[in-house]
Amino acid sequence: MSIMQDIIRLPKDLGLAIKGARAAQGIKATDVAKRSGRSRDILNRLERGQDVTVSSLMDILATLGLVLRIERMGLPTLDEMAARFADLEEQDDAA
């Protein structure tokens, strides 16, 4: 199993990382929800980068065998900035 080194700066980043970890492990969303004791809706909201409780987040992370690590924030990389502004451009185009 590879070690995830994703930098999480936004709720959307967290959701994508959790969804990616779940997919990499080949676990269905309904199975994660069942094993974590949380609803499928909670997991879906988390994977979309929406608000959930901290306890729900921790239960889902534990189910996936993941933990959070808090570290000092540095400046975003050029790739992170390009991705962030690409998201904003996509939102503007959709409006």
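Table for the structure above
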quantity: Among residues of segment 50-74, those that are at pLDDT below 85 and farther than 17 Å from Asp6 by Cβ, counted; calculated: 0
quantity: From the options Arg69, Arg84, residue that is under 17 Å from the mean Cα position of the chain (by Cα) and surrounded by 11 or more Cβ atoms within 10 Å (Cβ to Cβ); calculated: Arg84
quantity: Matching residues in segment 17-55 - criterion: being in contact (Cβ under 8 Å) with a residue 40 or more places away in the chain and not in a helix (DSSP H, G or I); calculated: Asp51
quantity: Residue list for segment 57-66, filter: outside any loop (DSSP other than H, G, I, E, B) and within 13 Å of the chain's Cα centre (by Cα); calculated: Leu57, Met58, Ile60, Leu61
quantity: Filtered residue count, segment 43-59, keeping only those that are under 28 Å from Arg84 (Cα atoms) and surrounded by 14 or more Cβ atoms within 10 Å (Cβ to Cβ); calculated: 10
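For (1) of a type outside the set (Lys, Arg); (2) exposed (fewer than 12 other Cβ atoms within 10 Å of the Cβ); (3) modelled with pLDDT under 95, each residue gets a yes or a no:
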{"position": "Lys12", "(1), (2), (3)": "no, no, yes"}
{"position": "Ala33", "(1), (2), (3)": "yes, no, no"}
{"position": "Arg38", "(1), (2), (3)": "no, no, no"}
{"position": "Asp41", "(1), (2), (3)": "yes, yes, no"}
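The values are calculated or read from the model by the stated rules, or taken from the named source; none is laboratory data. Everything quoted here is computed from the prediction, not taken from an experiment. A quick note on method: Cβ atoms are made from the backbone with ideal geometry, for glycine too, and the neighbour counts reach across all protein chains shown.
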